[in-house]
Amino acid sequence: MNVLSRYARWLHLKWPAGTVENLPRVNEDGSTNVPGLYVVGDLTGIPLLKFSSDTGARVVRLMAQDRQTSDHLDLVIIGAGVSGMAAALEAKKLGLKFEILESSEAFFTVVNFPARKPIFTYPSGMTPAGDLQFREEVHPKETLLEDLRRETVGITPRRAAVESVTRKGDLLQVNLEGDDAPLLARRVIVAIGRSGNFRKLEVPGEDLDKVYNRLHDPKDFAGKKIVVVGGGDSALETAIALAEVGCDVTIAYRGAQFSRPKPDNIERLAALPVKVLFVTRVAEIRQDEVVLTAADRGVGVSPARLPRSGWPPQSLGQDAQATNIPNDAVFTMIGREPPLEFFRKSSVKIRGEWRVANIVGLVAFVLFCFWLYHWKSGHALPFVGGLPAWLNFNPSRVGTWFTDRTTLLGTIAHSASGRAFYYTLAYSTIIVVFGIRRIRRRKTPYVKWQTLTLMAIQVFPLFILPEILLPYLGSNGAFDSGAGLWIKNTFFPGESWWRAYGFVLAWPLFVYNWFTAEPIWGWLVLGFLQTFVAIPAMVYFWGKGAYCGWICSCGALAETLGDTHRHKMPHGPAWNRLNLAGQVILGVVGVLMLLRILGWIFGPESAPARLFKLGFEGQLGYGWTVDLFLAGVVGYGLYFWFSGRVWCRFFCPLAALMHIYHRFSRFRILADKKKCISCNVCTAICHQGIDVMNFANKGEPMADPQCVRCSACVAACPTGVLSFGQVDPRTNETVKTDPAWLAASPVLMREIGINGRPHRV
């Protein structure tokens, strides 16, 4: 491994890179893009019985507020699991005309859990809406099923399979498979859970009778040789149940370590004589044996550590040949595919899927941004020239409306003759408007104070100061003599008040003060203090997000306008490698800074000065390629399709520098692993592509330097697993947590309260 590879791994690639499962797009109230069609239960992203019951009841209450007299059904509920039956109970109580449909039997998922399986009803402090409640924190399968059936007496699902839901005028038509006539209703609730087809291994022999997708009663396999494929809770629970009845169990898992199962399941597994093979896949299933081989021959992986000495997991190794092991049965516990085809037929949008309209919208908006940033900067198109006259309207006449620049109105009119004034005004307005919406939407103290801070910094030092206040003071003689004259000559030569952006936007995010100011020494000193003293200190205590999430104007737009788009950031190993593009840009801007300093020392005609001018001002130089195209056209052009953090995550050179600082930071997102349910909500909502759940499952402090401290994962966690804090980098032990007035988790706010008082969210 060469130096660059080791650096990349040390900086970022050592962290996990989980992916996000595609699910239907569901709003917080359960609604979808199809008016009147709601989704509740597991498909909202949270696989918890209490949340399933809660979402089902709440959606029906919402519908009851808009009740109308009609000959048609008020509601059709598809699916008779926990969420569907909770919805049916609420509909019956509220007097709605409804019908509930189920293709198999009520509570089918619970029925098919292994015999005597303990089922946890997290979170302990939550009381679901509606009448379907859970009395104990842990139920054996049989007891839970008995309780559910008793509480839903009087609700009889109709046996029917649904093909799709389509709109028919003002009603929704539920199309049934077979010869059954469709149903018409004003509203439809889809409560089918992740009841799609079981995932396939796609290997020879998978269709043999010895291959199972679920375990009903472990005693049926007592004493047999079993291979369990998978590394989630279902796989571990299956292996545990089989081992406890005397089976010879081998787990084959393609991953390098267990990252999703609950800690209790890992501990129980470690106490049993189960053989675990990581980085292993099934190559073939035969009548009396299974062929296993290495999952990835190109990557060497160290086995994960488990909590019981004497039982280390094994790996076939990247150079291993196929291994045949005697076998009586195989359990492929690798999950189900969500029933996405049903939603496609029903015209419900799927998260992560693209349609022609998406592509057309993306191209159109990128072209708009291409025009906007060339117009705003006045930069010529590479190899083409300036914008056509009809696309290049000039507001310079505004400055002639008021000739007296000593008045406030005259100052504003003069500033409004520049294009950047309108851009910055629009930018600030968007942050304020969408910031207020964010505060109303995300009701936590953390979001309130963070958003108010971002709004204040954008409006005052990044708009009023450079565009109004400094020009007004300059027109009234404040910088004509004494200290004022020194300040102007040092930081604002030629009354270039726009350079005040550099007081907030540090090098190398904002490079123009350091690359274009004469004299340069004032900005060199200030830039050194900002970039190499103040920001490292902030990052050490509060992480990279202290700047990216609380100060930076790019982050301000991402956290306000981009708030509802954060789930669109792509995840996975390939995208994590693209994160390193920022390191390349950081290297380029560092070389340019060195050339700029040398050119300043040796004169404008020196070789360093000429190289700097070519690298910065050339047609495809840094000024156009990075500052205009990547930061503007790409960064904002992809906003509504890839989240608001494309520039921040992949290309920003200041973020790349702070990644290095962060490797020595005390800031972490702390995790209470016993609460983690592996729902993956924290990972799915991260607009920096971080696999937060991988850390949470292990109870490890989240140390990925991409984190911008937005609090989305902390706030979205349904069981209150996550919180902000600081650790000792040497021992990884917590030394400090965020104060109560900065509470970010609604669950913890309800359970613990703020300043000792329960807090309603």
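A few comments on the model shown:
- Considering residues of the stretch 485-510 that are free of Cβ contacts under 8 Å to residues at least 60 places away in the same chain and small (G, A, S) only, the residue surrounded by the fewest Cβ atoms within 10 Å (Cβ to Cβ): G494
- Wholly enclosed helices (runs of 4 or more DSSP H) of the stretch 546-610 bearing at least 1 residues under 25 Å from the mean Cα position of the chain (by Cα) and farther than 25 Å from A716 by Cα: 573-578, 581-602
- Residues that are among the β-branched types (V, I, T), crowded, with 18+ Cβ neighbours inside 10 Å and touching a residue at least 24 places away in the same chain (Cβ under 8 Å) are absent from the stretch 22-29 altogether.
- Of all the listed residues (V59, V26), the sole one being β-branched (V, I, T), part of a helix (DSSP H, G or I) and within 30 Å of V138 (Cα to Cα) is V59.
- Selection count where residues are touching a helix residue (DSSP H, G or I) at 6+ places or on another chain (Cβ under 6 Å) and within 23 Å of L62 (Cα to Cα), scope the stretch 165-212: 4
- Selection status of E137, open to solvent by 70 Å² or more (accessible area, probe 1.4 Å) and either at pLDDT 90 or above or not polar (S, T, N, Q) (or both): yes
- Test for E467: is it open to solvent by 60 Å² or more (accessible area, probe 1.4 Å), of a type in the set (D, E, K, R) and in contact (Cβ under 8 Å) with a residue 24 or more places away in the chain: no
- Within the stretch 211-231, the set of residues being in a loop (DSSP other than H, G, I, E, B) and surrounded by fewer than 20 Cβ atoms within 10 Å (Cβ to Cβ) comprises N213, R214, H216, D217, A222, G223, K224.
- Test result for A703, surrounded by fewer than 23 Cβ atoms within 10 Å (Cβ to Cβ), of a type in the set (G, A, S) and more than 19 Å from the chain's Cα centre (by Cα): no
- Evaluation of E177 against (1) within 29 Å of L73 (Cβ to Cβ); (2) surrounded by 12 or more Cβ atoms within 10 Å (Cβ to Cβ) (one fails), failing number: (2)
- The stretch 556-612 - residue that is of a type in the set (K, R) and in contact (Cβ under 8 Å) with a residue 12 or more places away in the chain and, of those, nearest to E28 (Cα to Cα): R566
- Of the residues C679, C710, C686, the single one that is in contact with a Cys (Cβ under 7 Å, 6 or more places away or on another chain), under 20 Å from W15 (Cα atoms) and open to solvent by 10 Å² or more (accessible area, probe 1.4 Å) is C686.
- Exactly one residue out of G169, G178, G205 is out of contact with any Ser or Thr (no Cβ under 6 Å at 6 or more places or on another chain) and closer than 30 Å to R67 by Cβ: that is G169.
- Failed item in (1) crowded, with 20+ Cβ neighbours inside 10 Å; (2) in a helix (DSSP H, G or I); (3) touching a residue at least 60 places away in the same chain (Cβ under 8 Å), with G644 passing the rest: (2)
- Qualifying residue in the stretch 356-377 (condition: touching a residue at least 60 places away in the same chain (Cβ under 8 Å), of a type in the set (V, I, T) and more than 30 Å from N175 (Cα to Cα)): yes
- Residue match in the stretch 661-670 (condition: open to solvent by 10 Å² or more (accessible area, probe 1.4 Å) and under 20 Å from the mean Cα position of the chain (by Cα)): yes
- Residue ID - farthest from K200 (Cα to Cα), chosen from residues in the stretch 265-290 that are open to solvent by less than 70 Å² (accessible area, probe 1.4 Å) and among the acidic types (D, E): E289
- Candidates G193, G205 - the one that is open to solvent by 10 Å² or more (accessible area, probe 1.4 Å) and either touching a Pro at 6+ places or on another chain (Cβ under 9 Å) or basic (K, R) (or both): G193
- Which listed residue, of V432, V398, is under 24 Å from G555 (Cα atoms), outside any loop (DSSP other than H, G, I, E, B) and open to solvent by less than 70 Å² (accessible area, probe 1.4 Å): V432
- Residue selected from the stretch 353-390 under the condition among the small types (G, A, S), assigned to a helix (DSSP H, G or I) and surrounded by 13 or more Cβ atoms within 10 Å (Cβ to Cβ), by the criterion modelled with the highest pLDDT: G361
- Some residue of the stretch 520-532 being of a type in the set (V, I, T), on the phi < 0 side of the Ramachandran plot, modelled with pLDDT under 95 and open to solvent by less than 30 Å² (accessible area, probe 1.4 Å): yes
- Qualifying position, being among the β-branched types (V, I, T) and open to solvent by less than 40 Å² (accessible area, probe 1.4 Å), among T560, T564, T516: T560
- A single entry from G618, G590, G632 fulfils the requirement of being of a type in the set (G, A, S) and crowded, with 18+ Cβ neighbours inside 10 Å: G632.
Conditions tested, residue by residue: (1) among the charged types (D, E, K, R); (2) within 19 Å of the chain's Cα centre (by Cα).
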site	(1), (2)
K675	yes, no
C682	no, yes
T734	no, no
P746	no, yes
M749	no, no
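The values are calculated or read from the model by the stated rules, or taken from the named source; none is laboratory data. Please read all numbers here as calculations on a predicted model, not as lab measurements. Virtual Cβ from ideal backbone geometry, glycine too; neighbours counted across all protein chains shown. For the accessible areas, the whole protein counts, side chains as well, though only heavy atoms, and no ligand, DNA or RNA atoms are used. Shrake-Rupley method; radii C 1.70, N 1.55, O 1.52, S 1.80 Å.
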